[in-house]
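Remarks on the structure that follows.
The values are calculated or read from the model by the stated rules, or taken from the named source; none is laboratory data. Predicted model only: the values in this text are computed from it and were never measured. Here the Cβ positions follow ideal geometry from the backbone for every residue, glycine too, while neighbour counts run over all protein chains shown. Keep in mind that these areas ignore ligands, DNA and RNA; they rest on the heavy atoms of the full protein, side chains included. Shrake-Rupley method; radii C 1.70, N 1.55, O 1.52, S 1.80 Å.
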Amino acid sequence: MKKNIGAGWLYFYIHFLTEIACFYVLGNVTGNSVVLWLVPFVYDALAFVPQSLIGYISDRFPKINIGITGTVLLFFGVIFSFLDILPGRFTALTILCIGNCCLHISGAETTLRVSDGHLSHSAIFVGGGSFGVITGRLLAASEVPFLLVSALVLTMIPFVLLADLYRNKADEKSACPCVLFDYHSKKIPPVLIVILTVFVVIVRGYMGYGIPTTWNKSVIQNVIFYVTMGIGKMLGGVLSDLIGIRKTAVLSVAAAVPFLLFGDNVMLISLVGVMLFSMTMPITLAVLVSVLKYSPGLAFGLTTIGLFLGTAPIFFFKFTTFTANATVIIVLSVLCVAVLLSILGKDAAKNGRHNDTC
Amino acid sequence: MEDIMILVNDYLLQNAKTPLICLAVVCVVILVLTVIFVGRELKKRGNNDD
């Protein structure tokens, strides 16, 4: 068992509950059809894009407890969404989204700082979200009262405080614990690595939600889809620590292609493809942190911006023919393999130097 | 082009222009700030590496 892996599991639970609260609110939003279509898009934008700013603030002002701030905002976001006492159609949703952002950044900062340069911790934290998304949707479709969901949000407080203990310990040991992340190629300029990594995240966002999955019709199939995605993200981190980040990255993307191509109508094939492609998530995060060692929050925010850019087009258009989809999947996957091969350093160089001069 | 691509949300584009424009402005401002911050961090990193 890896050192400090408990922080990853604590944030697995926090991330799980965060997504439950958000998707419970989203699932309960009613109104005219324009609002119904618009709300998920606004949610995606406000929950994903500001994470870079909040991450930067968290990096610069570590004394702000971003986890507790996020919990309080999420709590009031759920309450105000249902009481409908705030002016403006999107005010409560904005509070909810900012709470979501804060908790994501808190999870990323904590799991990255305590991990001694490993990927498993942040991968476990990130994996919790997919389970929360589907649980939140299921709860929204049931008769569960919003007060119960609000109470669930408050149960995150002891988990955040416990995870803070891990973080404080890591921060005491080193002023910049993330200097141990050293996964990027030294031959490419850092700015280009950032751009190329964000490109891979954009592709992952599209592959996860934009590829056709006509098999996905029932609730249970939807549950399995999200669970598989979560497992893929966790597996990506664990495998990278075990066999090396470069091998995991290239094998997962290359192996995913045939499954994504022919999985439109066959659930099992499609799930394997989605799981394999989701494995790139912790890898891209690790590369960005390697480049932005002194700003892990900002690095995490870049991945969520990429995710938004990858999922945003899906709200507006979809490819309808097999040929068009196949072309998009193959071209994007080949590009991703090429990009990953160029931006990732050799696996042997994983355990990088450690300096405290930040 | 219509044969291979469909507009999922044509209705949204027609009826929710104002909130979408506001959202786009917010997102662009955050993106610009992010680029500035990333640039600053990379510069700082360069100085530290030296």
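Among the numbered conditions (1) surrounded by fewer than 24 Cβ atoms within 10 Å (Cβ to Cβ); (2) in contact with a helix residue (DSSP H, G or I) (Cβ under 7 Å, 6 or more places away or on another chain), the only one that A:Lys63 does not meet is (2). Screening the stretch A:251-270 for residues that are under 23 Å from A:Phe131 (Cβ atoms) and open to solvent by less than 30 Å² (accessible area, probe 1.4 Å) and picking the one that is farthest from the chain's Cα centre (by Cα) gives A:Gly263. Taken over the stretch A:176-230, residues that are within 22 Å of A:Ile305 (Cα to Cα) and part of a helix (DSSP H, G or I) amount to 25. If you go through the stretch A:197-226 and pick out every residue that is open to solvent by 40 Å² or more (accessible area, probe 1.4 Å) and more than 18 Å from A:Asp264 (Cβ to Cβ), you end up with 4. If the condition is being more than 13 Å from A:Ile305 (Cα to Cα) and either at pLDDT 95 or above or more than 8 Å from chain A (Cβ to nearest Cβ) (or both), then the stretch B:25-45 contributes B:Val25, B:Ile36, B:Arg40, B:Lys43.
Let's see how each residue does on (1) within 14 Å of chain B (Cβ to nearest Cβ); (2) out of contact with any Asp or Glu (no Cβ under 9 Å at 6 or more places or on another chain); (3) within 28 Å of A:Ala123 (Cβ to Cβ); (4) of a type in the set (Asp, Glu):
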site: A:Glu19; (1), (2), (3), (4): no, yes, yes, yes
site: A:Leu46; (1), (2), (3), (4): yes, yes, yes, no
site: A:Gly55; (1), (2), (3), (4): yes, no, yes, no
site: A:Phe61; (1), (2), (3), (4): yes, yes, yes, no
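Yes or no, residue by residue, for (1) over 22 Å from B:Phe37 (Cβ atoms); (2) facing chain B (nearest Cβ under 7 Å); (3) open to solvent by less than 10 Å² (accessible area, probe 1.4 Å):
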site	(1), (2), (3)
A:Pro282	yes, no, yes
A:Ala286	no, no, yes
A:Gly310	no, no, yes
A:Lys318	yes, yes, no
A:Thr323	yes, no, no
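Counting the residues of the stretch A:313-343 that are under 20 Å from A:Val194 (Cα atoms) and touching a helix residue (DSSP H, G or I) at 6+ places or on another chain (Cβ under 9 Å) gives 11.
Screening A:Leu239 with (1) more than 14 Å from chain B (Cβ to nearest Cβ); (2) at pLDDT 90 or above; (3) in contact with a Gly (Cβ under 9 Å, 6 or more places away or on another chain) gives one miss only, at (3). Quick check on the stretch A:184-196. Is at least one of its residues more than 18 Å from the chain's Cα centre (by Cα), among the polar types (S, T, N, Q) and surrounded by fewer than 17 Cβ atoms within 10 Å (Cβ to Cβ)? No: the stretch A:184-196 contains no residue that is more than 18 Å from the chain's Cα centre (by Cα), among the polar types (S, T, N, Q) and surrounded by fewer than 17 Cβ atoms within 10 Å (Cβ to Cβ). Which of the following residues is open to solvent by less than 10 Å² (accessible area, probe 1.4 Å) and either over 19 Å from the mean Cα position of the chain (by Cα) or in the same structural domain as A:Met234 (by TED's automatic domain parsing) (or both): A:Gly77, A:Gly107, A:Gly128? On inspection, the qualifying residue turns out to be A:Gly77. Residues in the stretch A:294-304 that are within 8 Å of chain B (Cβ to nearest Cβ) and open to solvent by less than 10 Å² (accessible area, probe 1.4 Å): A:Ser295, A:Leu298, A:Gly301.
On the basis of being within 22 Å of the chain's Cα centre (by Cα), open to solvent by 20 Å² or more (accessible area, probe 1.4 Å) and within 22 Å of A:Gly230 (Cα to Cα), does A:Leu26 make the cut? In short, yes.
The set of residues in the stretch A:177-231 being within 30 Å of A:Ser142 (Cα to Cα), more than 12 Å from every other protein chain (Cβ to nearest Cβ) and among the small types (Gly, Ala, Ser) consists of A:Gly205, A:Gly208, A:Ser218, A:Gly230.
Going by what's in this entry, would A:Gly273 be described as within 14 Å of chain B (Cβ to nearest Cβ), crowded, with 23+ Cβ neighbours inside 10 Å and not aliphatic (A, V, I, L, M)? Judged against the criteria, A:Gly273 is not a match. Checking A:Cys102, A:Cys97 one by one, the residue that is crowded, with 24+ Cβ neighbours inside 10 Å, in a helix (DSSP H, G or I) and within 14 Å of chain B (Cβ to nearest Cβ) is A:Cys97 and no other.
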